[in-house]
Amino acid sequence: MQKKKELFKKFNRTNLARDISHAVSIKENILRKEIKEYIWPRLDFLHGSNKEKVYYIFEESYTETEWKDMISVHYINTSYNVKNTVMRVHLFGLPELKSDYYIGFFTLRKIDETQIMLSYIFPNWNNIRNEGQKLCVMSYKKSVHIMGKELWFHTYPLFVQDNITVACSQADIISLTLYLHHKYDYRRIRILDLNKSFSFRKKKLFPTAGLSPTQMIEIFNSYDIPIGYFATAEHSGKELSLTEIYYNYIDYIIESGLPIILGMSIKNFEERQQSHVVQIIGHTQQNRDEYIIYDDSGYFLKNSLNISGFVATVTWEQLKEHLDKKSFILYPIHEKVYMMYDDFKKAFDHLFRNSLELVNLEGKGLLDRNKTRYLLADNRIVKRYLKDKVLPIDKPNESLNEEIYRLLELDMPHYVWLCEVKIEGGFFVFIADPTLWKLTKKNIFYNTIPIFSNEHFGLLNYI
């Protein structure tokens, strides 16, 4: 029987090419060159600068639904040499089958075309570092089974296009909805049914030309996934500048633990503007103006920032350069949320202006209204935060304690609005009902007094 230590190999291109060559009809020497060009740069964020200390376990046969679907809708009709399973490669910081050392895994399609071989990347965010920066990233808890052992880790599914059956827009939909499926129990979208889910301006399916925002919305609607849409063309002439509106929307959506599909314009090698989409799945912990971008083709990162990989932190200044009249954001929004973001901000603004305490604190410079956060959160997480993290001001405060206990016992919708205002020494927190009409005369706020906390409320995985 093979010993555990012999399962592990040093993670380098020579070893990987040798293992892959047993599963696909590409010569090992050719594989080494093509892995260096097409696969290796896209895995940099997994191993960082410690690639000499990374080990891997190679699984030659693993079933992956997306690859089976891609074969059935297209590759079965081509001359490519394909098999309906993928290879799975598990990475470890030390040659030990332990979650503490697990970096994550990636899968490789069994096809004799290295350029489109990389399929999924599932990083273990707890063991990923971005040049020393701490990250706040979306994740769900996933398990893998290796040699009879189960490892658990926090991850986000990064699906890679082939640019034949799946382009950037389809890849983002597959990735985003797989996360929603595991995190919030939304329906999972399959490649097998993707092209049957829209009809607007449908063209030749393969090679795919990607999807327009209207087609993407149609797909989400066909799967009963509520979707929010913000487009430049629909918001001209507003009080705030377009970049400010985008910034505010992105901030609220990301803080709510909901991924964003951002449509941008990128200059190609001919200096012509080309439409492109990326996902935003988090931000850096030190600076909320630096976002974690997943660019499944690498087109934006390569052409705009000269980064060869798929995942990178990008500043707001770098992002906003690519917003124009064709730009848009698409994002999931929970069921039974009827008071939308703009209307909730107006409701809080009305509350603020009519609160003598808040106005006075702002006037004394003890409250920074510009650092107000708005987000949607599961009421169970909010109540856990109130119970475990919220502390009275300076000394035990009877009225505050009574208010917290009242909120803990209150029946609330599944998702609630939460507003967090930065004040000296901590935060004021307000919780509101999202199920009421935007023009309601009812009080939408659950708490009758500001709730003080010295700890920030967050839904993202802090790593």
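The values are calculated or read from the model by the stated rules, or taken from the named source; none is laboratory data. What you are looking at is a predicted structure, and each value in this text was computed from that prediction instead of being measured. Counting neighbours? That spans all protein chains shown, and the Cβs are built from the backbone with ideal geometry, glycine included. Surface accessibility is based on the protein's heavy atoms, side chains included, excluding ligands, DNA and RNA. Shrake-Rupley method; radii C 1.70, N 1.55, O 1.52, S 1.80 Å.
Worth a mention:
- Against the list (1) under 27 Å from His334 (Cβ atoms); (2) within 34 Å of the chain's Cα centre (by Cα), the condition Gly425 fails is (1).
- Candidates Arg42, Arg88, filtered to the one that is basic (Lys, Arg), open to solvent by less than 70 Å² (accessible area, probe 1.4 Å) and modelled with pLDDT under 95: Arg42
- Restricting the range 101-141 to residues that are aromatic (Phe, Trp, Tyr) and touching a strand residue (DSSP E or B) at 6+ places or on another chain (Cβ under 6 Å), the residue that is farthest from Asp296 (Cα to Cα) is Tyr101.
- Residues that are among the charged types (D, E, K, R) and either modelled with pLDDT of 90 or more or outside any loop (DSSP other than H, G, I, E, B) (or both) within the range 220-254 comprise Asp224, Glu234, Glu244, Asp251, listed in sequence order.
- Count of residues meeting criterion [open to solvent by 50 Å² or more (accessible area, probe 1.4 Å) and either without any contact (Cβ under 8 Å) to a residue 24 or more places away in the chain or in contact with a helix residue (DSSP H, G or I) (Cβ under 6 Å, 6 or more places away or on another chain) (or both)] in the range 54-67: 1
- Of the residues making up the range 69-89, those that are in a helix (DSSP H, G or I) and without any contact (Cβ under 8 Å) to a residue 24 or more places away in the chain are Ile71, Ile76, Asn77.
- Considering only residues in the range 4-41 that are part of a loop (DSSP other than H, G, I, E, B) and free of Cβ contacts under 8 Å to residues at least 40 places away in the same chain, the one that is nearest to Met87 (Cα to Cα) turns out to be His22.
- Pick from the range 439-463, criterion within 30 Å of Asn124 (Cα to Cα) and touching a helix residue (DSSP H, G or I) at 6+ places or on another chain (Cβ under 9 Å), ranking: modelled with the lowest pLDDT: Ile463
- Residue in the range 446-461 that is surrounded by fewer than 18 Cβ atoms within 10 Å (Cβ to Cβ), more than 30 Å from His154 (Cα to Cα) and among the aromatic types (Phe, Trp, Tyr) present: no
- Meets criteria (within 23 Å of Ala432 (Cβ to Cβ), surrounded by 19 or more Cβ atoms within 10 Å (Cβ to Cβ) and touching a strand residue (DSSP E or B) at 6+ places or on another chain (Cβ under 6 Å)) for Tyr294: no
- Single match in Gly263, Gly257 (criterion: in a loop (DSSP other than H, G, I, E, B), modelled with pLDDT of 90 or more and under 15 Å from Leu176 (Cβ atoms)): Gly257
- Pairs, first outside the structural domain of Leu418 (by TED's automatic domain parsing) in the range 362-389, second surrounded by 13 or more Cβ atoms within 10 Å (Cβ to Cβ), C-beta under 7 Å, six or more apart: none
- Filtering the range 411-435 to residues that are at pLDDT 95 or above and either among the aromatic types (Phe, Trp, Tyr) or open to solvent by 40 Å² or more (accessible area, probe 1.4 Å) (or both) leaves Asp411, His414, Tyr415, Trp417, Phe430, Thr435.
- Scan of the range 143-161 for residues that are touching a Ser or Thr at 6+ places or on another chain (Cβ under 9 Å), assigned to a loop (DSSP other than H, G, I, E, B) and open to solvent by 10 Å² or more (accessible area, probe 1.4 Å), ordered by number: Gln161
- Across the range 365-382, not a single residue is classified as at pLDDT below 95 and part of a helix (DSSP H, G or I).
- Hits in the range 91-130 (condition: open to solvent by less than 10 Å² (accessible area, probe 1.4 Å) and not in a strand (DSSP E or B)): Leu97, Thr114, Met117, Asn124, Trp125, Ile128
- Answer residue from the range 60-96, given it is among the acidic types (Asp, Glu) and under 23 Å from Gly309 (Cβ atoms) and is farthest from the chain's Cα centre (by Cα) among those: Glu64
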